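Read the structure below first, then the notes.
The values are calculated or read from the model by the stated rules, or taken from the named source; none is laboratory data. Values in this document were obtained by computation on a predicted structure and should not be read as measured data. When we count neighbours, we look across all protein chains shown, and the Cβ atoms used for this are built from the backbone with ideal geometry, even at glycine.
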Amino acid sequence: MNNVKFERIDFDKLTKTYKRQYNHLKVSAALANYGFFSQGLLADNEPLDFIANHYSGTPQLSILLQSRLTLASHLEHQNLSIAFYERGYWYVYPHDDVLAFACQTSAITNTTSWQQKGMYTFPQLTDKYRQFLKPWRL
């Protein structure tokens, strides 16, 4: 007989590696509801975390896990989707589409973060971005 005692974990106490694995499994479960099945995590030195294939054969998503809405110049033109969790939902959005929207509707490229690092992250979603991201909310 198996004497395993199941106890919920405290995500904040996990190591970076286990947090990545945990998030991969959680977003993969959400994607499965839409017919996407993910392959295992790729090595840390890869530009993406995992690939999700639709059961129909197309599309294939190349997914990078992030802790929040993230836009970065070095991710542009790589056909990447970014996955993050916020307020009970996973978002898996096409990076370049959201970057174009942000550049058209805000001044993120004028921020110190963008000018020094070529990157901008949103600590929380504003209503404008929450509405724009709705098609990619799982």
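Before moving on, here are some points about what is shown:
- Residue match in the range 104-119 (condition: closer than 30 Å to Ala29 by Cα and not β-branched (Val, Ile, Thr)): yes
- Criterion (part of a loop (DSSP other than H, G, I, E, B), in contact with a Ser or Thr (Cβ under 8 Å, 6 or more places away or on another chain) and farther than 19 Å from Leu138 by Cα) met by exactly one of Leu41, Leu48: Leu48
- Every listed requirement among (1) out of contact with any Leu (no Cβ under 7 Å at 6 or more places or on another chain); (2) β-branched (Val, Ile, Thr); (3) surrounded by 13 or more Cβ atoms within 10 Å (Cβ to Cβ) is met by Val98 save one, (1).
- Restricting the range 1-38 to residues that are of a type in the set (Ser, Thr, Tyr), exposed (fewer than 15 other Cβ atoms within 10 Å of the Cβ) and not in a helix (DSSP H, G or I), the residue that is farthest from the chain's Cα centre (by Cα): Thr15
- Residue, nearest to Asp12 (Cα to Cα), within the range 45-79, restricted to residues that are in contact (Cβ under 8 Å) with a residue 12 or more places away in the chain and among the acidic types (Asp, Glu): Asp49
- Residue within the range 62-82 that is under 14 Å from Trp136 (Cα atoms) and of a type in the set (Gly, Ala, Ser) present: yes
- Residues that are more than 15 Å from His95 (Cα to Cα) and either modelled with pLDDT of 95 or more or in contact with a helix residue (DSSP H, G or I) (Cβ under 8 Å, 6 or more places away or on another chain) (or both), drawn from the range 115-124: Gln115, Gln116, Lys117
- Matching residues, the range 85-104, being touching a strand residue (DSSP E or B) at 6+ places or on another chain (Cβ under 9 Å) and small (Gly, Ala, Ser): Ala102
- The range 103-138, residues that are hydrophobic (A, V, I, L, M, F, W, C) and either loosely packed, with under 13 Cβ neighbours inside 10 Å or in contact with a Pro (Cβ under 6 Å, 6 or more places away or on another chain) (or both): Ala107
- Matching residues, the range 39-55, being under 18 Å from the mean Cα position of the chain (by Cα), exposed (fewer than 14 other Cβ atoms within 10 Å of the Cβ) and aromatic (Phe, Trp, Tyr): none
- Test: residue in the range 70-89 that is out of contact with any Lys or Arg (no Cβ under 8 Å at 6 or more places or on another chain), in a loop (DSSP other than H, G, I, E, B), surrounded by 10 or more Cβ atoms within 10 Å (Cβ to Cβ) and of a type in the set (A, V, I, L, M, F, W, C): no
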